[in-house]
Every structure is written in structure tokens, then in C-alpha cells.
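Enquirer: Here it is: the structure, laid out below.
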There are 2 protein chains.
Amino acid sequence: MEKIKLGIVGYGNLGRGVECAVRQNEDVELSAIFTRRAPESLKVKSDTEVVSVKEIENWKDKIDVLILCGGSATDLPVQTPEYAKMFNVIDSFDTHAKIPEHFENVNKSAIVGNKVAIISVGWDPGLFSLNRMYANAILPDGNDYTFWGKGVSQGHSDAIRRVEGVKDGKQYTVPVEKALQSVKNCENPILTTREKHKRECYVVLEEGANPKQVEEDIKTMPNYFSDYDTTVHFISEEELKQNHSKMPHGGFVLRSGKTGFDKENNHIIEYSLKLDSNPEFTSSVLVAYARAAYKLNKEGQKGCKTVFDVAPRYLSPKSDEELRKSML
Amino acid sequence: MEKIKLGIVGYGNLGRGVECAVRQNEDVELSAIFTRRAPESLKVKSDTEVVSVKEIENWKDKIDVLILCGGSATDLPVQTPEYAKMFNVIDSFDTHAKIPEHFENVNKSAIVGNKVAIISVGWDPGLFSLNRMYANAILPDGNDYTFWGKGVSQGHSDAIRRVEGVKDGKQYTVPVEKALQSVKNCENPILTTREKHKRECYVVLEEGANPKQVEEDIKTMPNYFSDYDTTVHFISEEELKQNHSKMPHGGFVLRSGKTGFDKENNHIIEYSLKLDSNPEFTSSVLVAYARAAYKLNKEGQKGCKTVFDVAPRYLSPKSDEELRKSML
């Protein structure tokens, strides 16, 4: 069997996750890792060829799908439209408000290139979006709830580390159990920011820093912490390394809806993820959608797509007959 | 806006559910309810025309999608292939083992008729199948778990009612909390039938019946109860009517999978439903897929499909732009 040839652009947490996920999928193989750094400086985990991103054009006919593992702020808005002219591409663009604009840009390129580009793939946006959409189509009369966590927020961890007196730190976003239970009990609560999530910080102090002041500075930080109930734990550097170096995450998407001639029946659709490694899980989603992009393009499709546009069957390596027999 | 014209075949719990669900979806309307009974004998909740199923052919051009609400044992194996020659159809065929055969029969008819038929729609098969499939594509290395309940099992309730000395009864299938927790804790347990579900029976005795004997007869009934931990509660007829006349159901689909170069990271994908009314929820799924069948056929598609073959976007009344903006 001819394997689907994948390429990775960008070798951070996500790129390493894709490198790893490829090994779990027998119908795909990793042909190259593209980097902006000097290729020889990159230590990769597999024996995959590392190539300067400047030479990417030479790989046009050697790669079936390119998985773009850059950031949403500055990398993907440029890379996805650029590479969609030459490759089927997948990205995990996650700036929700800018998705419509990104879609249009990528769509133009992919149509010109006769390629399929699937954007905003991952779990949110991605699997969470899918579940919001399916649940809304099924229960038109209802309310949506999304909770994130328990998980490490990179942005909030960075914010902690910018506080004077902080040497290092990690921040966990945690759903408030009471709010989650209220939703599950069909109470359709209206929840404030504070009622939905709390924030737990694990902080290593600089020598001589004032813990009272650091705690105060974190808890009152606007946008990041002031609207939340925040707990600050001071720990040693060793403790941080030992207990808080993983990147767990997860969350819940719920829809609470009513049916019946008198709206007398309540229903809850719940989808949840509990992930030890946010980047490895996201990468696993990217690889499944890379398979889909390859198949869709083989069928003659082109243009930009999102998870809403891809029939589930395209994600699986199994045949339609197998799927009907084993999973329906 | 032209509404999508739906027809219902069969006016049981499911048919009544569809009649109700149509009212919650502004882009669809109910044109006719077809019945094998004398049409004038049928009391329907809405002001929909009731028509003998013998006249269904006359409605070929007046209905966009027919929702087949009969049973999987004898109705659907005949009806779905028959009506797929004339109409786009949706059914909730749920005899898992016979799905491949049913698919082939329906596919032939739908291709001849230039129609779209979507079979095995509902929550299991249906939404649960979708979640099994997505989760398997994303986490290839893992285990699947499905738990049903807490909910009323029609088949088991019928079985109770056949026991000598039983006047009436309802049976609830209940997931065993310990097993569910073990799965959620990534312990990947191997579970026996008894360890996964327990059965709770609410029984009204005939006058003079021996409760000890009835309890014994229920608990030792092969296939239905003997492999499970079963509890029998004797209650009054009034109590049964008051507390056990609804048809709640639900369940859990979980996939527990590993990623990482050394498979060091665990992930749980969980999907769950908690439904006050099994037939009303199933009907809501049927209506969403009726919308999809209509749109797919408008695009020129034909043949038999399952939930795996339908891109999520087709289920929603919203435009692609709206979906990307509001739900991605």
C-alpha cells in the first residue's frame, strides 16, 4: 500500500506531536520536517529528513499533505495561504474572531493551486466546534456551554512569569464544579466569567521576593486574573519541574435543550476531553484530517474547508464497509 | 423561504416525536403522516393531513424527505428499500448486525430512484457511532467503551411483563459507576457484562402473586437478566404510572487512548447523552438528517448513506459563513 506522504512545517510542541502521531498511523509516513532554523541545528526524534523551509517548493511533488505547526498570531496567516498554492495543507488556526478572514485568504490560494486546505483543526476549534454544531442542529431550542480545563494555559503562565519577583510559574484553568453540575442538571444557568472557571497558579519566587506582593500582583492583573477566583501556591523549582512540566488540558462542551409539545423534556449532550498532552492530542487530530485532505483532493476537490465540511468517513483509514460493520 | 416538506410513515412514539420536532425547526414543515391504519382513526397532535400508506405514491412530488418511523425487525427492511425508489428517506434501522445487508438493499433502490437514503440515524446507531468513529480515527491506539443508561429498555420491560404474576413493569438499564470511573481513570479495564451494567426493575404484582417467586423468575431469566446484578422493586400501579411512565435514556461512549514516543500520555474522549425522552431525542436527530438528505439530493447525490458519509454542515439550517463565524 502506498502511504500518504506528510510534511511538517515548524518543529515546536505541535510539530513534535505530529512526528509522534505519524508512528501510530500505518497509512501515513513523514517525508520531511521543514524549519526556518538551520536544518543541521535541529535535533528531531525520528530519522526524518530536516529541510530548510526555503527549499519547500522543491518538495511540491514529493509530499501529499503539509501540516502547518506554526502559531496563529503571525505564522499561519502568512503560511497557510502561501503553501495552499502548492500543497494540500492542514492548520490549527485558533484565533476564533479571525477565522472568516483566514478562510477567505486560504480559499483563494487553494482554489488557484487545485489543493485542499483544512483550517482550524484541533480540539477547540475542531472537535469542540463539531460537537457544538451537531448538538445545535439536533436540539435547536437550548443553550451552549463550553468549559476549559483542567489544563495549562500558556498565555496565563506567561503572564505570571512577567510579574516582578517570579522566577517561574504555571497556571491551570479549572472549570468550577458547581457551574458544571448546574448545567448537567438542566438548570440552564446564566454564568459570569468568575462562576465558570477558576485559576490555579504554581509559582517559584526569585530569591528575596515578597510573596504577599507577588500574590497580590497576580490576583489583581486585569484580563488575566482579576475577573477570576485565583489561588496562588508557592513551590520550589524542583517541585515545579517534577509536578508541573506536562501540558495537560481538556474541557467540556455541553448543550442543554428541550423537546416536547410543551417543552417538557430536557436533554443534555455532553462532550469532554481529558488530555495528558495537549500538543500530542492536537497533533493526532491534525494527522486524521491530513488523511481527509489527501482523500478529498484525490476525489478532485479543492479550496478551503473546516471540520464542518468534512464527512467523518474521510478521517478513518478503514473502508466504508469496515466502518459500517464495526462502528455503526 | 421555501420549507423542506417532510412526511412521516408510522405514527408510534417515534412518529409523534418527529411531528413534535418539526415545530422546532423553522426550515421544515410536515406535509403528511402516512399510516397503515384507517386514516380517520388516527388522532394526531398537529393539524397534519393523515393519509393511508397505500396512497403514498401520489405524494412523490409533494414531499422532499420521508422519515420512516417503523421498527427494525419487520417494517424497515421492507419499507426503506421500497420508498427509497420514490423519496429521499431517513430511517433509524438499529439491528447492528444486519446494517451491511440493509445498506446494500437500500442503496440499490436509492440509486435507481435518484434519491438519497440515510439509514441507521438516531443516537445508537447514530451519534454514538459518529463518536466511536471520530475517536478511533484520532486515537488509533486505544480502547472503546459504550455504556447505556440510565434508561428504560423496552425489550427488558416486555420480558418482565411476560413473567407469571406480573401485572406491569418497567426496567432500567444502569451503567455501573465503578466501571465507568475505571474507564475515565485511563485504567483500560476489561469488563464483563455484569461489571458494565446493572438492571433495576419496577414491578406491579397481580393480585395474589408470590413476590419471592416473581423476583426469582426475573433474576434468573437467561439472556435478559441472569448475567446481570438485578434489583426488583415492587410498587403499586399508581406509583408505576406516576414515576415510571416517561422514556428516559442515555449513555456514554468513551475512547481511552495513548500517545507519545513511549506511549506515556493518556487521553480520554467522552461523549454522553442524558435524555428525558428517548423517542423525542431520536426524532430530533432524524429531522436534522432529513435536512441533510434534502440538501445532498439537491446537489445531485444519490444512494444509501450513513452518518459517516454526511459532512456535519448539511445538518444545520445555518449557512457555511454563519457556522464558521458562530460555532467554529
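Enquirer: All but one of (1) in a loop (DSSP other than H, G, I, E, B); (2) open to solvent by 30 Å² or more (accessible area, probe 1.4 Å) hold for A:Glu29, so report the exception by its number.
Expert: Condition (1) is where A:Glu29 drops out.
Enquirer: Something else now. Quick check: anything in region A:48-63 assigned to a strand (DSSP E or B) and of a type in the set (Ser, Thr, Tyr)?
Expert: Yes - at least one qualifying residue is present in region A:48-63.
Enquirer: If you don't mind, there's one more thing I want to ask. Among the candidates A:Gly126, A:Gly122, A:Gly71, which residue alone is closer than 30 Å to A:Ser272 by Cβ and open to solvent by 20 Å² or more (accessible area, probe 1.4 Å)?
Expert: So the residue among A:Gly126, A:Gly122, A:Gly71 that is closer than 30 Å to A:Ser272 by Cβ and open to solvent by 20 Å² or more (accessible area, probe 1.4 Å) is A:Gly71.
Enquirer: Got at least one residue in region B:316-323 being more than 9 Å from chain A (Cβ to nearest Cβ), among the small types (Gly, Ala, Ser), touching a strand residue (DSSP E or B) at 6+ places or on another chain (Cβ under 9 Å) and over 19 Å from A:Leu315 (Cβ atoms)?
Expert: No, region B:316-323 contains no residue that is more than 9 Å from chain A (Cβ to nearest Cβ), among the small types (Gly, Ala, Ser), touching a strand residue (DSSP E or B) at 6+ places or on another chain (Cβ under 9 Å) and over 19 Å from A:Leu315 (Cβ atoms).
Enquirer: I need the full set of residues from region B:27-68 which are under 25 Å from the mean Cα position of the chain (by Cα) and within 14 Å of chain A (Cβ to nearest Cβ), in order please.
Expert: Within region B:27-68, B:Asp27, B:Val28, B:Leu30, B:Lys43, B:Val44, B:Lys45, B:Ser46, B:Thr48 meet the criteria.
Enquirer: Another question about this same structure. Which one of these is of a type in the set (A, V, I, L, M), free of Cβ contacts under 8 Å to residues at least 40 places away in the same chain, open to solvent by less than 30 Å² (accessible area, probe 1.4 Å) and over 17 Å from A:Ala137 (Cβ atoms): B:Val232, B:Val253?
Expert: B:Val232
Enquirer: What single numbered condition from (1) touching a Phe, Trp or Tyr at 6+ places or on another chain (Cβ under 9 Å); (2) surrounded by fewer than 21 Cβ atoms within 10 Å (Cβ to Cβ) fails to hold for A:Tyr289?
Expert: Of the numbered conditions (1) touching a Phe, Trp or Tyr at 6+ places or on another chain (Cβ under 9 Å); (2) surrounded by fewer than 21 Cβ atoms within 10 Å (Cβ to Cβ), the odd one out for A:Tyr289 is (2).
Enquirer: Any residue in region B:66-76 that is over 22 Å from B:Phe308 (Cβ atoms), of a type in the set (Ser, Thr, Tyr) and assigned to a loop (DSSP other than H, G, I, E, B)?
Expert: yes
Enquirer: Let me ask something else. Applying the selection to region B:110-132, what residues are touching a residue at least 40 places away in the same chain (Cβ under 8 Å), over 17 Å from the mean Cα position of the chain (by Cα) and at negative phi?
Expert: B:Ala110, B:Ile111, B:Gly113, B:Lys115, B:Val116 - these are the residues of region B:110-132 that are touching a residue at least 40 places away in the same chain (Cβ under 8 Å), over 17 Å from the mean Cα position of the chain (by Cα) and at negative phi.
Enquirer: What number of residues within region B:11-26 satisfy the criterion of being open to solvent by 20 Å² or more (accessible area, probe 1.4 Å) and either among the small types (Gly, Ala, Ser) or in a helix (DSSP H, G or I) (or both)?
Expert: 4
Enquirer: So which residues in region A:211-229 are open to solvent by 60 Å² or more (accessible area, probe 1.4 Å) and either in contact (Cβ under 8 Å) with a residue 24 or more places away in the chain or hydrophobic (A, V, I, L, M, F, W, C) (or both), if there are any at all?
Expert: Once the filter is applied, which keeps residues that are open to solvent by 60 Å² or more (accessible area, probe 1.4 Å) and either in contact (Cβ under 8 Å) with a residue 24 or more places away in the chain or hydrophobic (A, V, I, L, M, F, W, C) (or both), region A:211-229 yields A:Gln213, A:Tyr224, A:Asp227, A:Asp229.
Enquirer: Out of all the residues in region B:153-172, which are under 19 Å from B:Glu280 (Cβ atoms) and open to solvent by 10 Å² or more (accessible area, probe 1.4 Å)?
Expert: Passing the criteria: B:Ser153, B:Gln154, B:Lys170, B:Tyr172.
Enquirer: Is there a residue in region A:258-271 that is hydrophobic (A, V, I, L, M, F, W, C), facing another protein chain (nearest Cβ under 7 Å) and surrounded by 18 or more Cβ atoms within 10 Å (Cβ to Cβ)?
Expert: Yes, some residue in region A:258-271 is hydrophobic (A, V, I, L, M, F, W, C), facing another protein chain (nearest Cβ under 7 Å) and surrounded by 18 or more Cβ atoms within 10 Å (Cβ to Cβ).
Yes or no, residue by residue, for (1) open to solvent by 10 Å² or more (accessible area, probe 1.4 Å); (2) under 20 Å from A:Pro248 (Cα atoms); (3) of a type in the set (Lys, Arg); (4) modelled with pLDDT under 95:
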{"site": "A:Ala137", "(1), (2), (3), (4)": "no, no, no, no"}
{"site": "A:Val174", "(1), (2), (3), (4)": "yes, yes, no, no"}
{"site": "A:Ala179", "(1), (2), (3), (4)": "no, no, no, no"}
{"site": "A:Ser182", "(1), (2), (3), (4)": "yes, no, no, no"}
{"site": "A:Ile190", "(1), (2), (3), (4)": "yes, no, no, no"}
{"site": "A:Arg199", "(1), (2), (3), (4)": "yes, yes, yes, no"}
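Enquirer: Enumerate the helices (runs of 4 or more DSSP H) found wholly within region A:126-234, keeping only those where 3 or more residues are away from chain B (no Cβ under 14 Å).
Expert: A:154-161, A:177-184, A:193-196, A:211-219
Enquirer: Would you be able to tell me the number of residues in region A:1-10 that are more than 24 Å from A:Lys318 (Cβ to Cβ), assigned to a strand (DSSP E or B) and not aliphatic (A, V, I, L, M)?
Expert: Number satisfying all stated conditions: 1.
Enquirer: Could you grab me the full set of residues in region B:292-306 that are crowded, with 24+ Cβ neighbours inside 10 Å and more than 7 Å from chain A (Cβ to nearest Cβ)?
Expert: If the condition is that a residue be crowded, with 24+ Cβ neighbours inside 10 Å and more than 7 Å from chain A (Cβ to nearest Cβ), then B:Ala292, B:Ala293, B:Cys304, B:Lys305 are the ones that fit.
Enquirer: Answer yes or no: is there a residue in region A:84-95 that is open to solvent by 20 Å² or more (accessible area, probe 1.4 Å) and not in a loop (DSSP other than H, G, I, E, B).
Expert: Within region A:84-95, not a single residue is open to solvent by 20 Å² or more (accessible area, probe 1.4 Å) and not in a loop (DSSP other than H, G, I, E, B).
The values are calculated or read from the model by the stated rules, or taken from the named source; none is laboratory data. Given the structure is predicted, the values throughout are model-derived calculations rather than measurements. Virtual Cβ from ideal backbone geometry, glycine too; neighbours counted across all protein chains shown. Areas reflect the complete protein model, heavy atoms only, side chains present, ligands, DNA and RNA absent. Shrake-Rupley method; radii C 1.70, N 1.55, O 1.52, S 1.80 Å.
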